[in-house]
1. Could you give the angle, 0 to 90 degrees to the nearest 10, between helix 331-358's Cα long axis and the longest principal axis of the Cα atoms of the chain?
2. Using packing as a proxy for protection, rank 287-300, 373-386 so that the peptide with the highest average count of other Cβ atoms within 10 Å comes first.
3. Once percent of Cα pairs over 40 Å apart is worked out from the coordinates, which option in (i) 27; (ii) 13; (iii) 49 does it equal?
4. Which entries in LYS354/LYS377; LYS23/LYS151; LYS23/LYS115; LYS83/LYS177; LYS23/LYS99; LYS31/LYS113 show an alpha-carbon gap greater than 23 Å?
5. Which angle between 0 and 90 degrees, to the nearest 10, do you get for helix 234-246 versus the longest principal axis of the chain when only C-alpha atoms count?
6. In percent, how large is the relative contact order of the chain, given Cα pairs closer than 8 Å and 6 or more residues apart?
7. Which order do the peptides 199-209, 309-319 take when ranked by the mean count of other beta-carbon atoms within 10 Å per residue, highest first?
8. Using the Cα centre as the reference, give the magnitude of the dipole from point charges on the C-beta atoms of region 270-388 (Lys, Arg: +1; Asp, Glu: -1; all else neutral), rounded to the nearest 20 debye.
Amino acid sequence: MKKLFFIALLLLSGTAIFAQKGKVASALSYKDAGKLDKAWETIKETLDPANPKSEKTLNWPDTWQARGEIIEAIILTKDENFKKLVPNPVEEAYKSYMKALELDPKGGNPVLKLKLVAFSNTLISSAITAYQASDYVRATDYFEKKLFIDKTSLFKTEATIDTAIIYNTGLAAMNAKLFPKAIQYFTECTKYGYNGGSAYAQIISAYQQLGTKEDTIKAVEIMKQAFQKYPNDQSINVQLINYYIMSGQPNEAIGYLDRAIEKEKDNASFYLAKGVALDRLGRQDEAIEVYKKATEIKPENPDAYYNIGVIYFNRGVKQFDVANAVPTNDQARYETEKNKADDFFKAAVPFLEKAVQYNPKDTYILDQLKNLYYRLKMMDKFDALNKK
């Protein structure tokens with residue numbers, strides 16, 4: 001009799017296990033029928049640690065896989081009431097699938113693999129939605145989860161390298177200001193030659209955003225590496241130009257500017273930048289010619305006009321100092337030197353007028369032009385400008 005009683009207990013225990021696992025199947029049936037609320041409540045019961053009956057399903061990989069499928073259906077549904085069932089559904093679905101993979105003694109079954117392929121697409125769609133909503137941290141997280149799935153035991157033997165997603169992960173990280181992470185993903189892109197010099201340009205920008213002296217040095221190293229590899233990539237060339245100009249190395253900038261102009265002869269901004277570099281080197285006559293070229297290409301170019309005007313104005317100031325150094329008993333020579341200064345001031349006027357014409361809201365330029373009118377006794381123009 002005792003033996004029979006023991007057998008009966010085993011049968012009852014087996015029935016409880018099958019009943020509990022049957023709930024997993026029921027939850028999936030509810031999901032397939034579109035009854036996502038019932039599916040969610042049922043699957044929760046099978047994973048409730050406080051429920052003694054869930055002992056056999058709590059560590060069953062199929063339970064977690066089913067949970068992932070149900071949550072994914074909630075993510076994809078158009079029913080707003082169902083969408084409220086699970087907070088952070090993408091995160092929860094991901095946890096469920098990863099738990100299913102962890103608990104599977106064989107390292108994942110073919111069915112789970114198919115589910116993860118589908119879920120990878122859900123992650124990408126969710127990442128894009130988050131990105132478009134400017135939730136860049138979440139977008140980065142979702143893209144990273146997709147990349148992690150690619151490296152799991154189910155996929156890693158296939159050597160899947162989704163370079164487009166790697167690049168997009170970098171972009172999301174850049175926008176999220178997660179610069180070290182952005183550098184990591186864009187560097188990975190460069191290993192596969194993905195997106196040419198653009199990946200390098202992003203790495204450089206990330207280092208510059210970090211802002212330390214060491215990061216700046218690293219950025220310049222990357223610029224030079226990138227330029228050697230992609231000499232025709234203007235974005236990298238421009239970064240080198242900006243760096244050398246901003247760091248007070250105009251001579252180095254000119255070499256890269258000449259390469260840039262050779263590729264884009266009608267780009268006025270390159271001529272403007274070259275004019276600035278030449279001006280800083282004390283080569284003002286050359287700078288004036290380059291600035292004039294910029295205005296020929298783009299007539300509405302207040303910066304180029306202003307910079308020419310400033311060169312002539314500064315020459316006038318220096319010449320006026322020469323006039324003031326003339327002995328007081330040599331009035332004739334003083335007048336001669338002063339007239340030379342006035343000639344420079346007069347030469348500056350039309351360029352500053354053009355600068356004001358194309359940038360009338362810049363009060364600094366406006367005030368400089370007023371001062372010139374007053375100095376040169378051009379009172380009609382001075383009064384007209386004061387009325388504006």
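Where a number appears in this text, it was derived from the coordinates with a stated rule and is not lab data. Keep in mind that what you see is a predicted model, and the values were worked out from it rather than measured. When we count neighbours, we look across all protein chains shown, and the Cβ atoms used for this are built from the backbone with ideal geometry, even at glycine.
1. On a 0 to 90 degree scale, this one is about 30.
2. 287-300, 373-386
3. (iii)
4. Table pairs above 23 Å Cα-Cα are LYS23/LYS151; LYS83/LYS177.
5. Tilt of helix 234-246: around 60 degrees.
6. Answer for the chain is 6 percent.
7. 199-209, 309-319
8. 180 debye
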